[in-house]
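One structure is given below, encoded as structure tokens.
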Amino acid sequence: MVIVAGHIVVDPHRRERYLADCESVVELARRAPGCLDFAIGADLVDAGRVNILERWESRAAVEAFRGSGPDDTQQDAILAASVTEYDVADLRSLT
């Protein structure tokens, strides 16, 4: 399993527009082969922060979906980013 987690920073006044522009990306990802979960959402305490969480069956599934990455409009809105990809060897359910 591959987990992609972290956050990006956008202008707080543009965050809602940024998130709206991400809606189609989330829908596509969730339908993509190998996607276990995909979420992009507003942070509860930082008005410019957008949290990212993705879970994929494999690296191949991530790469097949990723393509060229964010479009120019989305990329231009990102002021900073801290997103990391993790290869997970073992799982333990907490529920």
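Do we find that Asp37 is among the acidic types (Asp, Glu) and in contact (Cβ under 8 Å) with a residue 12 or more places away in the chain in this structure? First the steps, then the outcome.
Working: among the acidic types (Asp, Glu): yes; in contact (Cβ under 8 Å) with a residue 12 or more places away in the chain: yes.
Considered against the rule, which asks whether it is among the acidic types (Asp, Glu) and in contact (Cβ under 8 Å) with a residue 12 or more places away in the chain, Asp37 comes out as yes.
A single member of Asp90, Asp21, Asp72, Asp37 is touching a Ser or Thr at 6+ places or on another chain (Cβ under 7 Å) and either modelled with pLDDT under 95 or closer than 13 Å to Val4 by Cα (or both), and it is Asp21. Candidates Ala64, Ala60, Ala47: the one that is part of a loop (DSSP other than H, G, I, E, B), loosely packed, with under 15 Cβ neighbours inside 10 Å and in contact (Cβ under 8 Å) with a residue 24 or more places away in the chain is Ala47.
Counting just the residues of region 24-34 that are of a type in the set (A, V, I, L, M, F, W, C) and closer than 21 Å to Ile8 by Cα, which one comes out surrounded by the most Cβ atoms within 10 Å (Cβ to Cβ)? The qualifying residue surrounded by the most Cβ atoms within 10 Å (Cβ to Cβ) is Ala29.
Answer yes or no: is there a residue in region 1-12 that is surrounded by 11 or more Cβ atoms within 10 Å (Cβ to Cβ), assigned to a helix (DSSP H, G or I) and of a type outside the set (S, T, N, Q).
If we filter region 1-12 for residues that are surrounded by 11 or more Cβ atoms within 10 Å (Cβ to Cβ), which is where we start, we get 1-12.
Within this subset, residues satisfying the condition of being assigned to a helix (DSSP H, G or I) are 12.
Going one step further and asking which of them are of a type outside the set (S, T, N, Q), we end up with 12.
Checking region 1-12: at least one residue is surrounded by 11 or more Cβ atoms within 10 Å (Cβ to Cβ), assigned to a helix (DSSP H, G or I) and of a type outside the set (S, T, N, Q).
The values are calculated or read from the model by the stated rules, or taken from the named source; none is laboratory data. Treat the numbers as computed from the prediction; the structure is a model and nothing was measured. FYI the Cβ positions are ideal-geometry reconstructions off the backbone, even for glycines, and counts take in every protein chain you see.
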